[in-house]
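The values are calculated or read from the model by the stated rules, or taken from the named source; none is laboratory data. Since we're looking at a predicted model, the values are computed, not measured. A quick note on method: Cβ atoms are made from the backbone with ideal geometry, for glycine too, and the neighbour counts reach across all protein chains shown.
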Amino acid sequence: MQTQLYYLALIATLDRRLDELQEDVGELPDQIARARQSVAHHEARVKETQSIIEEIRTFRSTAHVTLQELRDREQRLSEQQFRVRNNREFDAITREIQNIRAERDRIEQELRNSVIKLENLEHLLQQQQEELQKAQQELAELEHALELLSSNQSEELQRLTQLRQELSSKVRPELLAEYERIRTFHRDAVVPVRRESCSGCYNRVTPQRLVEMRMYRDRLFLCEHCGRILYPEEQLPELEELSNV
Ligand SMILES: [Zn+2]
């Protein structure tokens, strides 16, 4: 039967390893969330550009029909002009023809502009699609890294969690509660005494106290300065001992 302190020290060792595993995962979930936002942002930009290009293409495909209609109307009006009976009618048709020509000019100008616009937009779209691809690749890499880490860790994590449960059941509840309380202040809640000092805060531990610690091995001795649980260095359990529990 091992001492309560021994089990607590093992739990502390195990908790430090669990902390390490947690740190390995570290920033990854946050980075993945940011990468997802970035992908969504780039997708929206690509879609926007695509819809503008689509609009211009629709304009170009209908503009030719519109222009032909305008030319036909102009033709009909010119023929009509020969048959007018007075100046008033003549002037009215002239104005109408002028309006039609202005409209044709406007559309033709827009058609010419649309060539350059389309060229620029297609160039922009290509850039945006490359950026989107890069963002998607970054996201995939991060997700892969997390997946790899999780699958590597899952076995150890499961083993450690189970061990922790077994060890916890061997420690008196009030001692375990005390350990958990100290751990909210110090991640290393159980520390060895080295060179007659607490190795958590480096304050001195008197020789007399060390003697007591070795005598009363089922009692908890807290560092008077930092409040960590102390244990004599020679009783230090290693992580490897976990497999012998
Ligand atoms: Zn201390």
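Here's the yes/no breakdown for (1) in contact with a Lys or Arg (Cβ under 9 Å, 6 or more places away or on another chain); (2) assigned by TED's automatic domain parsing to the domain that holds SER150; (3) among the charged types (D, E, K, R); (4) loosely packed, with under 15 Cβ neighbours inside 10 Å:
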residue: LEU8; (1), (2), (3), (4): no, no, no, no
residue: PRO29; (1), (2), (3), (4): no, yes, no, yes
residue: GLN37; (1), (2), (3), (4): no, yes, no, yes
residue: HIS42; (1), (2), (3), (4): yes, yes, no, no
residue: ARG76; (1), (2), (3), (4): no, yes, yes, yes
residue: GLN80; (1), (2), (3), (4): no, yes, no, yes
residue: ASN86; (1), (2), (3), (4): no, yes, no, yes
residue: GLN98; (1), (2), (3), (4): no, yes, no, yes
residue: ALA102; (1), (2), (3), (4): no, yes, no, yes
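Residues are listed down the side, and each one gets a yes or a no for (1) modelled with pLDDT of 90 or more; (2) of a type in the set (Ser, Thr, Tyr); (3) more than 30 Å from MET213 (Cα to Cα):
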| position | (1), (2), (3) |
| --- | --- |
| GLU23 | no, no, yes |
| GLY26 | no, no, yes |
| GLN31 | yes, no, yes |
| ALA40 | yes, no, yes |
| GLN50 | yes, no, yes |
| SER61 | yes, yes, yes |
| GLU69 | yes, no, yes |
| ASP91 | yes, no, yes |
Practice item. Working only within the range 173-214, note down all residues that are farther than 19 Å from GLU234 by Cβ and of a type in the set (A, V, I, L, M, F, W, C). Key: LEU175, LEU176, ALA177, ILE182, PHE185, ALA189, CYS201
Review point. Taking the condition within 16 Å of the ligand (Cβ to nearest atom), free of Cβ contacts under 8 Å to residues at least 40 places away in the same chain and in contact with a helix residue (DSSP H, G or I) (Cβ under 9 Å, 6 or more places away or on another chain), does ARG194 pass?
Key: yes
Review point. Which ones in the range 197-206 are farther than 21 Å from ASP19 by Cβ, assigned to a loop (DSSP other than H, G, I, E, B) and within 9 Å of the ligand (Cβ to nearest atom)?
Key: TYR202, ASN203, VAL205
Practice item. Go through the range 175-188 residue by residue and tally those that are more than 11 Å from the ligand (Cβ to nearest atom) and under 19 Å from MET213 (Cβ atoms). Key: 3
